[in-house]
């Protein structure tokens, strides 16, 4: 069953052909994804880094649209970029590449990380393994491999679908997708639709920690992986999750944690570990409400500075009927909200 | 008069040899074994409800505590901290219990491996002692003095039941140990390791808790009903008794296939598929994933734990042990029997299919009760579910022909797959040339 889910979405293009009549959100636009992209941009842009962000290399899964590549080149001035694609017609990717600083790497992610992409151990990367497909063990392996390869001062992000069916055989399901990284303390009673992301989060963090430990043993280094990003979101029905790490030595990790990045509301609040209390790890939720342009304009006039309650009462007094939840959601992401349907000129 | 050559061991040498190659998880399991031996002495009836062993650690400190009876002062001063077993230690054999403490080094080795400072405190019903060891200081003392010193001792007391037990604390972990213990994945691995190498003590009510997580007793399983009876053999070699049970389990967990060897209730070898347990030797084929159904269990027991066929760190078998050499041909026999049954099915889906149609109660947990049920020798393994009996034995045929020829045949037969080409050409020939012979 999980194998079938993996095959469903392997590129953004096929994602666009999914339709669902019950949706309130236009899936072809993926507003939450667009918000996520901008948040990641903001986090890395405001970080205090060993070298300016424009010197970083970006590695991702561009698909035919290369939306993240365009954003990072335009906003962060990154001009060393590699897109990994496992399948699909090469001519189509080559044709749709928006900038000539993007290199294609036509192989699966694991091969790309191991031999397809050169890692010199000195120049840092932003790696975004944006799978979109349903979470499985190979993703843990690939994230761990990336953690071994990237130079100190790099970021690793990863996104995937966490719509896991936990109703029948929850332990078997979680064992299959998390493998040996599934926390041993987890029992069937801990596994629920809401908690699956926390379990996956903890499994990935444990795997990355081990990978870094092995790397430190090999190079006698003192690197650690700091979690900087942990969000959930859904465009349409599919529940998605993203996680991000900063791989750096003690000094640089401390610099990041005292830089402006931390002020981003979606920067991960570091937590203490607990064997079984999974509720400690609350992901930030990216939720894009459905509001008309007129409604947005009215809310924006009250931002920044007004509380959500004040905004609600002000609008109600004007005869604008919105519910509090939508206002809260909008205010949490208003700076990233697409004011028009995000459409790239290039694709 | 000839000059004397000093051949006395130095303490440094001793420690380095003792702790070399000791896996941390195995070292921790050794400490748990000691607690379990305490439980066995306290409850000779084998019921351990209410007894527990708690392990709590972080990157700077390790602690194991239990309520399994404590250590009498005489044992502490004469045996527990001595390296090796003095010959006059007859008490265990007399009590006819199956202990896991065998070589007199497990606890010490584990403690030296984990840290450079450790302390131990024990309360029995009537006695209490505590002791602290700074290994580096101990090593600096004259090499001829190998003793430790108790820092406190009280005898002839009456301690309340809640205090009875032993606590060992290592407040200063060795650096590389500390790094490993700080990994989240290590905690997972340790819990799984203890779960896999579980002892029957856990089954009998002993609670083992690691950093707040309780270890579950998850028994292995075998199919056992009127259609499928496991291979069973048993006997005695010297002071060691053995029981062999082998059979089939669901294929779904191939990593669990192989041989399991336990000594005095403590698993030593887990799911082995190597020549250690006879695979690939003397007529037995090498393990192959198509044999993922296979499960074999050998249970060794002896009141003289030194005679059991385990190695000193209890992580594997001492292949020169008499008991093991005696038993190995029987293991090969069992493996051979099961493989025969699997291979005669030809099509492994047939076995999966037959097994999956069996009633869930046919999959029997190998707990103490069920192991005791399997007592009659049964050296011919057979597997005779109804579907299995009625099967037609199928085999595959595979060959290469030129693409051009294949395409021509496809056109004539009006089929589209190579498989259909093979199947229909075979039927064509068989109907014309083979049916007349009957």
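The values are calculated or read from the model by the stated rules, or taken from the named source; none is laboratory data. Keep in mind that what you see is a predicted model, and the values were worked out from it rather than measured. Cβ: placed from backbone, ideal geometry, glycine included. Neighbour counts: every protein chain shown.
Take residue A:281 and decide whether it is in contact with a helix residue (DSSP H, G or I) (Cβ under 8 Å, 6 or more places away or on another chain), under 30 Å from residue A:149 (Cα atoms), modelled with pLDDT under 90 and crowded, with 17+ Cβ neighbours inside 10 Å. The answer is yes for residue A:281.
Selection of region A:180-192 for residues being without any contact (Cβ under 8 Å) to a residue 40 or more places away in the chain and either out of contact with any helix residue (DSSP H, G or I) (no Cβ under 9 Å at 6 or more places or on another chain) or within 14 Å of chain B (Cβ to nearest Cβ) (or both) yields A:180, A:182, A:184, A:187, A:188, A:189.
Of all residues in region B:137-180, those being part of a loop (DSSP other than H, G, I, E, B) and under 28 Å from residue B:8 (Cβ atoms) number 10. Of the candidates B:200, B:236, B:213, the single residue that is over 30 Å from residue A:199 (Cα atoms) and either within 14 Å of another protein chain (Cβ to nearest Cβ) or buried (at least 19 other Cβ atoms within 10 Å of the Cβ) (or both) is B:200. Here are some residues: A:228, A:208, A:196. Which one is buried (at least 16 other Cβ atoms within 10 Å of the Cβ), within 23 Å of residue A:143 (Cα to Cα), within 13 Å of chain B (Cβ to nearest Cβ) and in contact with a helix residue (DSSP H, G or I) (Cβ under 9 Å, 6 or more places away or on another chain)? One residue alone meets the criteria, A:208. Filtered by the rule that a residue be within 22 Å of the chain's Cα centre (by Cα) and assigned to a loop (DSSP other than H, G, I, E, B), region A:108-118 gives A:108, A:117.
Listed conditions (1) touching a residue at least 40 places away in the same chain (Cβ under 8 Å); (2) touching a helix residue (DSSP H, G or I) at 6+ places or on another chain (Cβ under 6 Å); (3) surrounded by fewer than 22 Cβ atoms within 10 Å (Cβ to Cβ); (4) outside any loop (DSSP other than H, G, I, E, B) are all met by residue B:271, apart from (1).
Assessment of region A:212-221 against the conditions (closer than 25 Å to residue A:43 by Cα, within 14 Å of chain B (Cβ to nearest Cβ) and in a helix (DSSP H, G or I)) yields at least one matching residue. Residue A:103 fulfils the conditions (1) surrounded by 15 or more Cβ atoms within 10 Å (Cβ to Cβ); (2) in contact with a strand residue (DSSP E or B) (Cβ under 6 Å, 6 or more places away or on another chain); (3) more than 14 Å from every other protein chain (Cβ to nearest Cβ) except for a single criterion, (1).
Checked against (1) over 15 Å from residue B:188 (Cα atoms); (2) in contact with a helix residue (DSSP H, G or I) (Cβ under 6 Å, 6 or more places away or on another chain); (3) free of Cβ contacts under 8 Å to residues at least 60 places away in the same chain, residue A:220 passes all but condition (2).
Within region A:255-271, is there a residue that is within 14 Å of chain B (Cβ to nearest Cβ), out of contact with any strand residue (DSSP E or B) (no Cβ under 6 Å at 6 or more places or on another chain) and surrounded by fewer than 19 Cβ atoms within 10 Å (Cβ to Cβ)? Within region A:255-271, one or more residues are within 14 Å of chain B (Cβ to nearest Cβ), out of contact with any strand residue (DSSP E or B) (no Cβ under 6 Å at 6 or more places or on another chain) and surrounded by fewer than 19 Cβ atoms within 10 Å (Cβ to Cβ). Being in contact with a helix residue (DSSP H, G or I) (Cβ under 6 Å, 6 or more places away or on another chain) and part of a strand (DSSP E or B) is the filter; apply it to region B:121-136 and report the residue that is surrounded by the fewest Cβ atoms within 10 Å (Cβ to Cβ). Among those that are in contact with a helix residue (DSSP H, G or I) (Cβ under 6 Å, 6 or more places away or on another chain) and part of a strand (DSSP E or B), it is B:129.
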